[in-house]
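**Student:** I have a structure here, written as structure tokens, and I will follow up with some questions on it.
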Amino acid sequence: MAPAVICRKALALVLALAGLRAGAAEPAAAPANQTLRADEAEFNPDTGENTGRGHAQWTGRWKGKDVLLTADEIRYIRRTETLVATCTVTLTNGDERLLADRVEYNRLTGRFSALNLRIGRYPIYVQGASAEGTLEEITIHRAVISYTEPGRWKPSA
């Protein structure tokens, strides 16, 4: 079965919830605009990696959009400008959100990947086993699109 490729401005808007498109366009040196907080924090000076574990929250501001990324663990790799969030991941901007088991986003290339995700904004929601791509073209594997919240007696395709 071929993966569902979704290239809609509406879906790009949903994923832009994270301001990710803007993040790829900005220079890498914007640490003042971002914060990583967690129950436990660790910095590795050899790799330039910040890791937050337990109620981890990463906040950033890209092109006027406030972004909140929460997960059980978030790693920010400054050298490659990559964020890796694992376990109970939520990416939020206003009323738009992305839920997943794992999200990896590279600010320099604008590419991301996600596992076991749900994205959407009322009334359209998309869920899938995995996704990757850029905001201009996203491939969602084993995708199900629902009108209103997914559930019994709700239209889905």
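**Student:** Show me the trypsin sites (Lys or Arg not before Pro) within the range 92-145 that DSSP assigns to loop and that have at most 16 other Cβ atoms within 10 Å of their Cβ. Could the numbers behind the result be given before it?
**Tutor:** Values: sites: R97, R102, R107, R111, R118, R121, R142; in loops: R107, R111, R142.
In loop regions of the range 92-145 (DSSP not H, G, I, E or B), the sparsely surrounded trypsin sites (Lys or Arg not before Pro) are R111, R142.
**Student:** How many nm is it between the label spots at D66 and V144, if each spot is 7 Å from the Cα in line with the beta carbon?
**Tutor:** 3.4 nm
**Student:** Relative contact order (percent) for the range 60-148, with alpha-carbon contacts under 8 angstrom and 6 or more residues of separation?
**Tutor:** Working: 203 pairs, mean separation 15.7, N = 89.
Averaging sequence separation for qualifying contacts and normalising by length gives 18 percent for the range 60-148.
No value in this document is a laboratory result; all are computed from the given coordinates. For clarity, every value in this text was computed on a predicted model and none was experimentally measured. So basically every Cβ, Gly included, is an ideal-geometry build from the backbone, and we count neighbours across all protein chains shown.
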